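I have placed the structure first, in the form of structure tokens, so that the comments after it can refer back to it.
Rule-based calculations on the coordinates, nothing more; no lab input. Note that the structure is predicted; figures quoted are calculated from it, not measured. As a convention, Cβ positions derive from the backbone with ideal geometry for all residues, glycine included, and neighbour counts pool all protein chains shown.
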2 protein chains.
Amino acid sequence: MPSIAYFGPEGTFTEQAARALAPDADLLPMPTIPDAVAAVRAGRTDLACVPVENSIEGAVSATMDSLAADLLTTDTATRPVVALAEHLLPIRFSVLVRPGLAAADVRTVASHPHALAQVQRWVRANLPNAEPRVAASTAAAAVGVVKGEFDAAVTAPVASRHYELDVLATGVADESDAITRFLLLSRPTAPPAPTGADRTSVILVVSHRPGELAAVLAELATRGLNLTRIESRPLRDRFGEYRFYLDLDGHIGEQRVADALAALRRRSQHVLFLGSYPKAEGVAAAVESPFRDSDYADSAAWVTAIARGENV
Amino acid sequence: MPSIAYFGPEGTFTEQAARALAPDADLLPMPTIPDAVAAVRAGRTDLACVPVENSIEGAVSATMDSLAADLLTTDTATRPVVALAEHLLPIRFSVLVRPGLAAADVRTVASHPHALAQVQRWVRANLPNAEPRVAASTAAAAVGVVKGEFDAAVTAPVASRHYELDVLATGVADESDAITRFLLLSRPTAPPAPTGADRTSVILVVSHRPGELAAVLAELATRGLNLTRIESRPLRDRFGEYRFYLDLDGHIGEQRVADALAALRRRSQHVLFLGSYPKAEGVAAAVESPFRDSDYADSAAWVTAIARGENV
């Protein structure tokens with residue numbers, strides 16, 4: 001049975017994502033995101049599950065920085081990781097209370113500040129006598145209810161597995177469109193087979209000459225590759241210097257993607273391959289001329305022929 | 001005396017930045033970042049001060065979304081805002097305690113979770129008997145100490161102006177390089193004069209055809225404009241669709257920048273000008289050929305001449 005490290009504690013949305021991404025794995029909660037990534041890097045677990053992006057909060061900085069650690073260290077013991085899969089989780093909360101407590105009797109409702117912000121209107125309408133209380137995580141709020149510190153906790157649905165509390169409500173969210181994207185990480189291994197709806201992720205550092213990033217993106221554009229995400233992050237010690245996270249449609253098993261990655265390698269100071277994996281929301285689409293593998297095979301054969309003097 | 005809305009409460013780092021950016025202004029704390037931006041949009045204040053980027057946490061999503069509100073609404077009452085200045089604030093904390101309390105007697109130390117994370121090592125070394133407690137903000141932690149809920153609070157230095165507490169330590173930070181960038185916002189007005197070390201900020205929405213962003217960046221590159229930051233944010237209701245925040249070196253008063261902005265206007269579905277303003281850390285540098293205003297004047301004169309039949 002494989003083991004999977006995830007950003008804990010038990011009972012969080014990341015646990016839900018880890019269960020969805022690796023249903024048979026042994027779950028190991030870690031205190032921080034860097035700890036979860038470090039566990040799989042060092043081989044202490046087979047897999048890791050971390051949040052990478054939220055439709056409301058944006059990129060998860062701790063994950064971005066942990067994935068880029070290879071670029072920031074000279075420590076050769078830091079081993080790379082790749083993504084094998086992604087999972088989209090709609091963020092809907094459960095409200096847990098002490099057994100038997102009615103909504104009208106809830107005086108305090110605790111959660112992580114981000115979670116409280118996402119259920120404000122629901123709390124005003126449904127727990128009219130409750131005051132908000134801040135907890136370190138959604139799961140810590142549930143622990144606080146068990147201990148009698150709070151009357152109610154706003155948590156991930158999976159928290160009800162871990163704490164003997166009543167579920168007062170479930171599917172709670174002021175905005176129904178909040179989604180978090182999670183990645184399943186492993187040490188480098190052959191990527192999953194192309195599905196026709198895949199994503200390839202890379203991190204790169206480009207020099208600061210004007211136009212360097214434009215040149216990198218032109219390498220993708222000329223190969224018909226659609227960029228689905230670009231994010232710049234300051235390099236920690238050097239405010240004003242940046243590295244870039246790119247997600248693009250396609251799989252390294254396709255010639256146009258392999259060819260583009262080789263071009264990024266020539267052009268960038270550093271480029272880190274974070275994997276090719278199926279898109280969670282993708283629909284397979286045919287690649288069109290001149291970007292098909294057959295186009296690449298034909299053109300390569302032609303170049304080989306003319307180099308031999310066989311002009312055709 | 002101008003008025004300035006800022007992301008409060010009193011005693012936060014944003015108050016410090018607001019005092020630095022508008023020393024003579026009347027300070028009005030607002031409960032959220034969107035409230036501060038809305039105050040200046042609606043004309044309830046002359047100015048606003050909001051955090052835009054942190055060297056450790058990355059972009060401040062609430063600010064990015066508030067600045068882009070013009071793109072997301074069809075409400076014509078939403079008036080645009082521009083940045084007039086920026087301020088870089090090193091993030092170093094003060095530790096405030098109840099008057100007379102010694103470090104060894106501190107049993108609980110409270111702050112916002114981000115602040116607690118940034119002083120973890122200092123707390124272990126200097127407050128060996130203290131347990132961390134989560135508060136909604138650094139200023140809320142100080143209020144908690146005043147009320148006797150906690151022994152110590154990790155706060156912005158300016159908090160000591162507002163609360164009658166002892167300053168146990170100041171300049172506290174595990175990593176000495178944490179910096180937050182703040183913007184001074186106003187309703188649209190003529191930008192401050194070019195200094196030779198300026199930044200121009202825009203938000204744009206480009207279509208999803210492969211290569212569209214590459215084409216936009218090529219418009220900047222061919223004019224010698226250095227991109228200092230690029231950030232993609234999903235559009236709230238449409239996960240997978242993105243808008244882009246760009247910071248580039250230069251001032252709209254320079255021909256190369258004005259010309260590039262006109263090209264972005266032609267190429268993008270939407271483009272929102274967020275201002276040209278002096279860089280906080282900038283050193284003035286001469287623009288070189290062929291990107292000088294004189295190069296633009298010469299080439300425009302030549303085109304005018306040949307169009308008249310005066311080939312030269």
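Brief remarks follow.
- Calculated P(r) of the protein assembly as shown - Cα pairs past 46 Å, %: 20
- Share antiparallel - DSSP beta bridges, the protein assembly as shown, percent rounded to 5: 75
- Antiparallel beta bridges, as assigned by DSSP with both residues in chain B, represent about 75 percent of the total such bridges.
- In straight-distance terms, cross-link reach from B:K279 covers every one of the aspartates and glutamates whose alpha-carbon lies under 16 Å from its own, apart from those fewer than eight places away in the same chain; here that gives A:E241, B:E53, B:E86, B:D198, B:D247, B:D249, B:E254.
- Mean projection area, nm², convex hull over Cα of chain A: 19.9
- A convex hull fitted around the alpha carbon atoms of region B:100-229 yields 206 Å³ per residue.
- Mean separation of Cα contacts under 8 Å, 6 or more apart, over the residue count of chain A: relative contact order %: 19
- For A:R187 and A:W122, a Förster radius of 30 Å and the Cβ-Cβ distance give a FRET efficiency of 0.10, rounded to the nearest 0.05.
- Chymotrypsin sites (Phe, Trp or Tyr not before Pro) within region A:1-74: DSSP coil, no more than 14 neighbouring Cβ in 10 Å: none
- Using a Förster distance of 25 Å, the FRET efficiency for A:A301-A:R266 (Cβ separation, nearest 0.05): 0.65
- The aspartates and glutamates within cross-link reach of B:K147, meaning a Cα-to-Cα straight distance under 16 Å and a gap of 8 or more places when in the same chain, are B:E164, B:D166.
- Within the shell defined by Cβ-Cβ distances under 15 Å, the residues around B:Y6 carry a net charge of -2, with Lys and Arg each +1 and Asp and Glu each -1.
- Sparse-neighbourhood loop sites, GluC sites (Glu not before Pro) in region B:147-224 - DSSP loop, at most 13 other Cβ within 10 angstrom: B:E164, B:E175
- Over region B:190-312, equivalent-ellipsoid semi-axes from the Cα gyration tensor in Å: 28, 20, 11
- When the convex hull of its Cα atoms is viewed from all sides, region B:82-149 shows a mean projected area of 6.0 nm².
- Loop-exposed trypsin sites (Lys or Arg not before Pro) per DSSP, neighbour cap 10 Cβ within 10 angstrom, longest uninterrupted part of chain A: A:148-307
- Angle in degrees between helix B:212-221 and the longest Cα principal axis of chain B, rounded to the nearest 10: 80
- Top of B:A190, B:A139, B:A20 by mean-square fluctuation, Gaussian network on chain B, Cα under 10 Å: B:A190
- Among B:A159, B:A115, B:A136, the largest mean-square fluctuation in a Gaussian network model of chain B (Cα springs under 10 Å) belongs to B:A136.
- Each label was represented as a point 7 Å from its Cα along the Cα-to-Cβ direction; for A:L27 and B:A103 these points are 4.1 nm apart.
- Volume in Å³ per residue [convex hull over Cα atoms, computed for region A:1-98]: 113
- Within a Gaussian network of chain A (alpha carbon springs, distance under 10 Å), most fluctuating of A:A117, A:A17, A:A140: A:A117
- Compared with the dominant principal axis of the Cα atoms in chain B, helix B:293-307 is inclined by about 30°.
- Positive-end residue, chain A charge dipole about Cα centroid, Cβ charges, pick of A:V154, A:V202, A:L213: A:L213
- Other residues whose C-beta falls under 11 angstrom from the C-beta of A:S94 contribute a net charge of +1, scoring Lys and Arg +1 and Asp and Glu -1.
- Counted charge near A:D295, where neighbours are those whose Cβ lies closer than 12 Å (Asp, Glu -1; Lys, Arg +1): -2
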